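Single-structure report; data block below.
The values are calculated or read from the model by the stated rules, or taken from the named source; none is laboratory data. These figures come from a predicted structure and were not determined experimentally. Here Cβ is always computed from backbone atoms with ideal geometry, including for glycine, and neighbour counts include all displayed protein chains. Ligands, DNA and RNA are stripped out before the accessible areas are found, and what is left, the full protein with its side chains, is counted by its heavy atoms. Shrake-Rupley method; radii C 1.70, N 1.55, O 1.52, S 1.80 Å.
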Amino acid sequence: MSGKTLYDKIWDAHLVKERDDGTSLIYIDRHLIHEVTSPQAFEGLRLAGRAPWRADANYATPDHNIPTTRAERSQGLAGIVDPVSKIQVKTLDDNCKEFNIFELEMNDLRQGIVHVIGPEQGITLPGMTIVCGDSHTSTHGALGALAHGIGTSEVEHVLATQCLMQKKMKNMLVRVDGELKTGVTAKDIVLAIIGRIGTAGGTGYTIEFGGDVIKALSVEGRMTVCNMAIEAGARAGLVAVDQTTLDYIEGRPLAPAGELWEQAAAAWSELVSDDDAQWDAVVELNGTDIEPQVTWGTSPEMVAPVNGSIPDPSAETDAIKRQNMEQALRYMGLEGGTAIKDIKLDCVFIGSCTNSRIEDLREAAKVVAGKQKAANVELALVVPGSGLVKQQAEAEGLDQIFEAAGLEWREPGCSMCLAMNADQLGEGKHCASTSNRNFEGRQGFGGRTHLVSPAMAAAAAVHGHFVDVRELG
């Protein structure tokens with residue numbers, strides 16, 4: 001009998017019942033909740049006269065709709081201008097009080113983007129099953145957890161039963177070996193992976209990321225990679241547990257301590273794929289070949305090295321791909337053959353659940369230190385992923401570096417990652433963004449998004465167009 005993958009091990013440990021057709025009931029250890037996908041779920045409980053099966057397994061925070069300016073934030077709910085956003089945040093507060101759900105409210109120091117605070121607080125632990133009404137829940141797989149997004153009806157189901165109906169996915173290994181060049185980051189790794197396999201390449205799979213390059217990443221870098229597993233079509237991404245994982249978790253507020261920590265660490269160390277595990281698909285990349293990446297179109301797979309050019313649709317032999325490229329370039333206001341470095345920018349956004357952690361902010365600050373934002377860059381936002389990230393960044397003086405360079409230092413939240421709050425990209429504007437999606441209208445109606453790493457976004461803010469961050473010295 002062959003060995004098991006990490007996904008197999010976590011799945012088997014949480015399997016409650018499996019039917020002949022493969023439909024399975026699995027137990028859910030942690031449920032993360034925010035203001036957008038939870039109101040209908042709580043109302044469903046209320047109408048059915050149900051209570052959460054395990055209130056203590058649910059954790060909530062508002063992030064999508066909240067303002068990030070200090071003036072608005074200091075007013076609490078009154079500072080949320082949009083009435084729908086205000087209702088959603090207030091409804092989350094009310095529902096958490098009614099159903100006894102732990103919530104980090106908007107102005108709690110520990111509040112932040114749900115996929116930042118989970119690992120930060122020790123809510124996310126290895127070997128767990130974790131769900132949230134948000135597709136980028138795959139982020140938490142960086143800690144050796146099986147984590148994925150769910151829909152609103154499933155949010156209600158998990159609240160009511162602490163279980164979920166699923167069908168098991170196939171196993172894909174994405175191995176990145178070799179060694180990264182200076183200036184190449186986790187964001188470049190995952191964009192290169194998506195560029196290789198496409199946004200449908202991981203459909204039907206859970207992706208485990210492995211190889212020397214992945215092992216050398218910090219946990220924060222691994223989160224960036226797992227965050228965008230969903231953009232490769234996979235529902236979940238995983239990284240095996242190692243000493244780097246354990247060092248990150250130890251001492252977190254909700255992590256085990258004392259003798260329990262020793263027991264947990266020993267058990268978690270087994271959360272690796274067996275040497276003889278069987279994979280349904282294997283993708284291999286050489287980290288040495290990866291360059292800083294920039295998306296040019298309206299899908300994460302439309303990506304090129306910073307020193308490359310936008311591909312010419314006329315050279316594409318597949319009619320459907322050619323049509324998609326042409327449509328994307330029309331929306332983006334760009335032409336095939338244009339050098340990536342010639343793309344002029346109007347805005348820069350450094351933040352989101354992909355790249356708003358302290359390591360991301362440090363890398364961006366290194367680039368802009370002692371420099372000034374380019375005149376053609378109208379707006380440059382730096383939005384920390386949580387209040388604790390903000391506090392640490394300010395203790396290190398990163399906020400002063402950003403502000404001295406002409407970038408705006410904001411309060412934690414999802415901000416300009418998506419057009420659900422006051423931070424929106426204007427129509428026709430090009431934005432260098434550290435977020436995870438560059439779909440049409442993602443950052444605002446008619447906005448044009450280019451996905452990059454924090455260092456690349458910071459360099460673009462200074463120069464007003466894309467540059468190879470490695471050439472800045």
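Of all aspartates and glutamates in the structure, those lying under 17 Å Cα to Cα from K97, and not within fewer than 8 positions of it along the same chain, are E35, E43, D56, E105, D108, E156.
Arranged from highest to lowest average of other beta-carbon atoms within 10 Å per residue, in what order do the peptides 89-95, 381-387, 417-423, 274-280 appear?
Working: 89-95: 18.7, 381-387: 27.1, 417-423: 21.1, 274-280: 12.4.
Packing order, densest peptide first, comes out as 381-387, 417-423, 89-95, 274-280.
Sorting 24-30, 446-452, 142-148 by their mean Cβ neighbour count within 10 Å, with the most densely packed peptide first, gives 142-148, 446-452, 24-30. Shown is the FRET efficiency for E284 and A78, computed with R0 = 45 Å from the Cβ-Cβ distance and rounded to the nearest 0.05: 0.25. With a 1.4 Å probe and all protein chains left in place, how much of the accessible area of region 368-473 comes from carbon and sulfur atoms, in whole percent? Accessible surface attributable to carbon and sulfur in region 368-473 totals 49 percent. Taking Lys and Arg as +1 and Asp and Glu as -1, the other residues whose beta-carbon sits under 14 Å from that of E301 total 0.
Set the Cα radius of gyration of region 388-439 against 2.2 N^0.38 Å, with N its number of residues, and you get 1.31. Here the peptides 128-134, 168-174, 369-375 are ranked by packing, the mean other Cβ count within 10 Å, and the order with the highest first is 128-134, 168-174, 369-375. Separation of the alpha carbons by more than 23 angstrom is noted, of K167/K215; K4/K167; K170/K321; K215/K373; K17/K168, for K167/K215; K170/K321; K215/K373.
When a/c is below 1.5 the answer is rounded, else prolate if a/b is larger than b/c, else oblate, so apply that to region 106-234 with a ≥ b ≥ c taken from the square roots of the Cα gyration tensor eigenvalues. It comes out oblate by the Cα gyration axes. In summary, the lysines within cross-link reach of K366, defined as a Cα separation below 19 angstrom excluding same-chain residues under 8 places away, comprise K181, K187, K390.
Work out how much length E259 to F439 would gain on full extension: take 0.36 nm times their residue separation and subtract the Cα-Cα distance, in nm to one decimal.
That pair, E259 and F439, stretches by 60.0 nm at full extension.
Here region 81-101 and region 394-434 have alpha carbon centers that stand 25 Å from each other. Helices in the chain, meaning DSSP H runs of at least 4 residues, each add -39500 (n - 2.57). Divided by all residues, the mean residue ellipticity at 222 nm is -9500 deg cm²/dmol.
Dividing the mean sequence gap of close Cα pairs (under 8 Å, 6+ apart) by how many residues region 29-161 holds gives a relative contact order of 33 percent.
Mean sequence separation of contacting Cα pairs (under 8 Å, at least six apart), scaled by the length of region 262-414, corresponds to a relative contact order of 17 percent. Compared with the direct C-alpha span, the chain from E179 to T203 gains 5.9 nm at full extension, assuming 0.36 nm per residue. For L109 and S153, the difference between the fully extended length at 0.36 nm per residue and the C-alpha to C-alpha distance is 12.8 nm. Taking a ≥ b ≥ c as the square roots of the Cα gyration tensor eigenvalues, with a/c under 1.5 meaning rounded and otherwise prolate when a/b beats b/c, else oblate, which class fits region 268-392? Oblate, since a/c reaches 1.5 and b/c is not below a/b. Stokes-Einstein diffusion coefficient for the chain at 4 °C in a medium of 1.567 mPa s, Rh from the Kirkwood formula over Cα pairs: what value in µm²/s? Diffusion coefficient, whole number: 58 µm²/s.
With an 8 Å Cα cut-off and a minimum separation of 6 or more residues, compute the relative contact order for the chain in percent.
Numbers: 1153 pairs, mean separation 81.7, N = 473.
So the answer I get is 17 percent.
The residues packed around T185, meaning those with a beta-carbon under 14 Å from its beta-carbon, carry a net charge of -1 if Lys and Arg are +1 and Asp and Glu are -1. Accessible surface of region 43-165, 1.4 Å probe: 57 percent of it comes from carbon and sulfur atoms. Other residues with beta-carbon under 13 Å from the beta-carbon of F445 carry, at +1 per Lys or Arg and -1 per Asp or Glu, a net charge of +1. Hey, how many Å between the Cα centroid of region 1-30 and the Cα centroid of region 134-164? So the two Cα centres are separated by 15 Å. Each of D94 and T338 was given a label point 7 Å from its Cα along the Cα-to-Cβ line. The distance between the two points is 4.7 nm. Take the chain with all the other protein chains still there, run a 1.4 Å probe, and you get 38 Å² of accessible area per residue.
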